Amino acid sequence: MLNKDLVIIGGGSAGMAAACSAYDNGLRDILILEKGPFLGGILNQCIHNGFGLEYFKEELTGPEFLTRFVKETEKRGIEYKLNSFVTGISPDKVVTYTNGEEGYVEVKAKAIVMAAGCYERNAGAIGIPGDRPAGVITAGQAQLYLNEYGYMVGKRVFILGSGDIGLIMARRMSLEGAKVLGVAEIMPYSNGLNRNIVQCLQDYDIPLYLSHTVSKVVGKGKLERIEISKVDEKMQAIPDTEISFDVDTLLLSIGLIPNNALLDNMGAAKSSTRGSSVNEHMETSIEGVFSCGNVLHVHDLVDKVVQEAAVAGKSAALYVQGKLPTHEEVINCVNGEGIGYVVPSRIDLDNAEDNIELKFRVRKPTKNCDIYVEYNGEVIKKAYKNVIIPSEMEIMKLPKNLLVSGNGTLSVSLKVREAK
Amino acid sequence: MNKELICIVCPNGCRLTVDENLNVIGNKCPRGATYAKQELTNPTRVLTSTVKIESKELGVLPVKTANPIPKGKLFDAMKVVNSIKVKAPVELGQVIYKDICGTGVDLVACRTIKE
Ligand SMILES: Cc1cc2nc3c(=O)[nH]c(=O)nc-3n(C[C@H](O)[C@H](O)[C@H](O)COP(=O)(O)OP(=O)(O)OC[C@H]3O[C@@H](n4cnc5c(N)ncnc54)[C@H](O)[C@@H]3O)c2cc1C
Ligand code: SF4
């Protein structure tokens with residue numbers, strides 16, 4: 001059996017950033033396992049720009065951003081294996097992977113960083129009524145075909161869901177000559193970044209139907225037509241509000257889910273993000289196993305992914321060097337009123353840095369409100385927000401001295417201010 | 001009349017308000033003000049796309065305009081982009097097409113493809 005200090009699962013931006021950070025903190029015996037033919041993960045197909053503004057202070061396309069990280073990884077001489085699929089991790093940290101050259105291989109790791117990204121919700125997940133023709137695919141799949149193979153999936157397109165991938169694909173396919181007839185979003189607000197509504201839909205006169213969903217799919221063998229309907233507060237289609245569109249393609253952009261099966265199978269505790277529960281060092285409930293990037297919680301900005309991954313990589317290095325002690329006493333972080341999730345799930349105060357970063361998302365767009373951080377029922381921090389929306393992850397810095405050691409509970413919640 | 005705009009320069013997506021004299025408020029950084037003035041006088045966009053490439057690694061090469069080009073020229077530029085075919089190797093940043101549609105802006109490669 002092979003032995004490694006650190007095995008990283010996934011060679012996307014999170015995996016590479018974690019590897020570089022572990023290296024910079026003294027580890028040398030590192031292996032990245034990537035199932036695809038390139039390093040870079042999802043960024044390989046994200047040919048649009050908008051990456052790295054925070055990290056590199058430059059606006060880069062996905063491939064440009066990933067190239068910089070590949071250079072950093074290679075400069076350090078970090079070992080990586082492509083086309084290598086991780087099939088399982090045993091509780092004592094034996095990672096099994098398989099590839100064409102080596103067959104099945106087992107590696108015993110002292111520490112593991114999980115960085116396997118996320119996957120897209122598909123048609124099965126929402127159960128659209130009607131036929132099951134060809135031509136209904138996820139937006140990310142269509143993006144992969146077009147941006148890596150040069151293959152357009154259709155000419156007359158409708159998009160269900162206003163997630164960023166769908167919006168980006170609306171522009172991309174319009175520029176390639178397809179007619180994008182509209183985007184339907186079941187919620188009364190968009191789930192994509194505002195800038196993408198402007199530069200991907202408004203620029204191309206593509207209508208956004210809020211509070212609408214696809215209520216029917218029609219087609220024998222190939223997709224021919226869809227119907228959308230307005231929905232009521234219970235998300236049920238309202239009769240007689242149907243609008244019909246003749247299309248050959250329905251793209252689904254209805255959400256991303258952490259690809260966390262490997263850690264779930266290891267028995268790592270879960271969090272409300274559908275990823276694993278971690279402490280402020282990105283350590284899961286299993287000692288020496290860390291998680292970061294989209295496999296932990298779905299991010300909108302790669303800059304935040306690489307920051308988080310750097311913490312995971314550093315923690316893994318400290319763990320291997322025996323410098324990351326564990327403590328019995330932890331503060332549990334919970335999402336209160338109006339908040340979808342909080343990362344981290346636990347804070348080990350004795351090991352924490354001076355500033356603890358709380359990352360969270362609100363459940364729905366809210367104006368004129370305050371974010372409250374409470375510790376054992378007492379308000380320790382309050383921040384006013386003019387507007388706050390679920391599609392943008394919030395980060396709040398919490399000075400460590402506001403907390404006292406012990407088994408406490410920290411909660412983040414949102415309260416709307418009364419109009420004057 | 002004030003105009004409401006969303007800054008698209010970075011993912012913060014600041015909500016900007018611009019008055020008749022092109023005074024901008026709501027921007028978290030100076031780039032937002034520059035964007036609002038540009039957007040109301042001569043809107044421009046960076047075009048990102050792909051061109052065909054003869055290569056063992058990939059079917060298409062991602063490219064972008066090195067600077068933003070006028071919004072009205074995006075579709076003309078796409079016609080040019082779709083007529084281009086290159087051969088590996090290609091270096092990141094290499095000029096793939098000079099002065100696209102008379103904009104003075106070059107089309108450049110967004111990744112290195114070795115073979
Ligand atoms: C369409 C889209 C548009 C975006 N647009 C922007 C933007 O404009 N600006 C911005 O800043 N951010 C954007 N983001 C967000 C950001 O780029 C991503 O969140 C980030 O790149 C995710 O990095 P990651 O490493 O966590 O995941 P990924 O890049 O998905 O990497 C995970 C890697 O793990 C590998 N893997 C998975 N399972 C296994 C296994 N069992 N064995 C081995 N390998 C495995 C995968 O092949 C993959 O390479 C966008 C994201 C998407 C999806
Ligand atoms: S004003 Fe500055 S911070 Fe705000 S969206 Fe524009 S570029 Fe980003």
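The values are calculated or read from the model by the stated rules, or taken from the named source; none is laboratory data. Here the structure is a predicted model, which is why all the values come from computation and not from measurement. Cβ atoms come from the backbone with ideal geometry, glycine included; neighbour counts cover every protein chain shown.
One table, with the values for the structure above:
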read-out	value
Qualifying residues in the range B:69-83 (those that are surrounded by 17 or more Cβ atoms within 10 Å (Cβ to Cβ) and more than 8 Å from chain A (Cβ to nearest Cβ)) - the one farthest from residue B:108 (Cα to Cα)	B:73
Number of positions in the range A:1-32 that are surrounded by fewer than 24 Cβ atoms within 10 Å (Cβ to Cβ), hydrophobic (A, V, I, L, M, F, W, C) and farther than 11 Å from residue A:314 by Cβ	3
The range A:68-89: number of residues that are in contact with a strand residue (DSSP E or B) (Cβ under 8 Å, 6 or more places away or on another chain) and not hydrophobic (A, V, I, L, M, F, W, C)	9
Pair list, Cβ < 8 Å and 6+ apart or interchain, from the range B:91-105 residues that are under 12 Å from residue B:69 (Cβ atoms) to residues that are in a strand (DSSP E or B) and among the β-branched types (Val, Ile, Thr)	B:100/B:65; B:100/B:69; B:101/B:69; B:103/B:65; B:103/B:69; B:105/B:65; B:105/B:69
Residue selected from the range A:242-290 under the condition closer than 30 Å to residue A:218 by Cα and of a type in the set (S, T, N, Q), by the criterion nearest to ligand 1 (Cβ to nearest atom)	A:253
Criterion: within 16 Å of ligand 2 (Cβ to nearest atom) and either facing chain A (nearest Cβ under 7 Å) or in a loop (DSSP other than H, G, I, E, B) (or both) - qualifying residue of B:64, B:37, B:28, B:56	B:28
Qualifying residue in the range A:156-169 (condition: away from chain B (no Cβ under 14 Å), in contact with an Asp or Glu (Cβ under 8 Å, 6 or more places away or on another chain), more than 25 Å from residue A:274 (Cα to Cα) and modelled with pLDDT of 95 or more)	yes
Of the criteria (1) in contact with a Leu (Cβ under 8 Å, 6 or more places away or on another chain); (2) exposed (fewer than 15 other Cβ atoms within 10 Å of the Cβ), which one residue A:234 fails	(1)
Residues located in the range A:61-87, provided they are touching a helix residue (DSSP H, G or I) at 6+ places or on another chain (Cβ under 8 Å) and either more than 9 Å from ligand 1 (Cβ to nearest atom) or modelled with pLDDT under 95 (or both)	A:63, A:69, A:70, A:72, A:73, A:76, A:78, A:80
Members of the range A:153-177 that are surrounded by fewer than 16 Cβ atoms within 10 Å (Cβ to Cβ) and not charged (D, E, K, R)	A:177
Wholly within the range A:51-103, strands (runs of 3 or more DSSP E) carrying at least 3 residues that are of a type in the set (A, V, I, L, M, F, W, C)	A:85-89
Matching residues in the range B:82-115 - criterion: being part of a loop (DSSP other than H, G, I, E, B), hydrophobic (A, V, I, L, M, F, W, C) and under 15 Å from the mean Cα position of the chain (by Cα)	B:105, B:110
